[in-house]
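The values are calculated or read from the model by the stated rules, or taken from the named source; none is laboratory data. Note that the structure is a prediction, hence the values are computed from the model and not measured. All accessible areas refer to the heavy atoms of the entire protein, side chains included, with ligands and DNA or RNA removed. Shrake-Rupley method; radii C 1.70, N 1.55, O 1.52, S 1.80 Å.
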Amino acid sequence: SAKDLDQWANQVARCMYMVGIRDTDVFQNTSGYGMFTGGLGFQYGAEKLGCLTVPAAAGNTKRQIKFITDFGTTCLYIIPSYATRLAEVMYEMGL
């Protein structure tokens with residue numbers, strides 16, 4: 001229901017706030033937006049906090065890096081193994 005979605009967004013926003021994310025952050029979401037609920041949950045939570053959100057979705061590493069540089073991303077929602085890969089590609093690109 002709409003109430004469930006609102007409560008979900010509030011809970012995610014609270015978790016994000018506890019780790020230091022604020023309305024001044026640029027939040028890039030590298031999770032999928034399909035049937036896996038993580039992507040939408042973090043999108044809604046970031047919006048509740050008032051962050052500028054970049055719904056980058058999963059994959060396409062060079063596009064992710066372009067978004068990071070173009071939007072000035074200050075925080076990412078990313079799984080650890082993909083964060084490692086992203087860092088490797090950034091290193092290869094001289095960033």
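On C-alpha positions alone, give me the angle between the axis of helix 38-49 and the longest principal axis of the chain, in degrees, nearest 10.
Rounded to the nearest ten degrees, it is 70.
Divide, for the range 1-84, the radius of gyration over alpha carbons by 2.2 N^0.38 Å, where N is the residue count.
1.05
Which percent of the accessible area of the chain is formed by carbon and sulfur heavy atoms (probe 1.4 angstrom)?
60
Any chance you could give the angle, 0 to 90 degrees and rounded to 10, that helix 2-18 forms with the longest Cα principal axis of the chain?
In the chain, helix 2-18 runs at an angle near 50 degrees to the longest axis.
Suppose a student asked you for the relative contact order of the chain, using Cα pairs under 8 Å spaced at least 6 residues apart; what percent would you report?
The value is 31 percent.
Counting only heavy atoms of protein chains, what accessible area per residue, in Å², does the range 1-47 have with a probe of 1.4 Å?
60
Using square roots of five times the C-alpha gyration tensor eigenvalues, list the equivalent-ellipsoid semi-axes of the range 46-87 in whole Å, biggest first.
Semi-axes, largest first: 18, 12, 9 Å.
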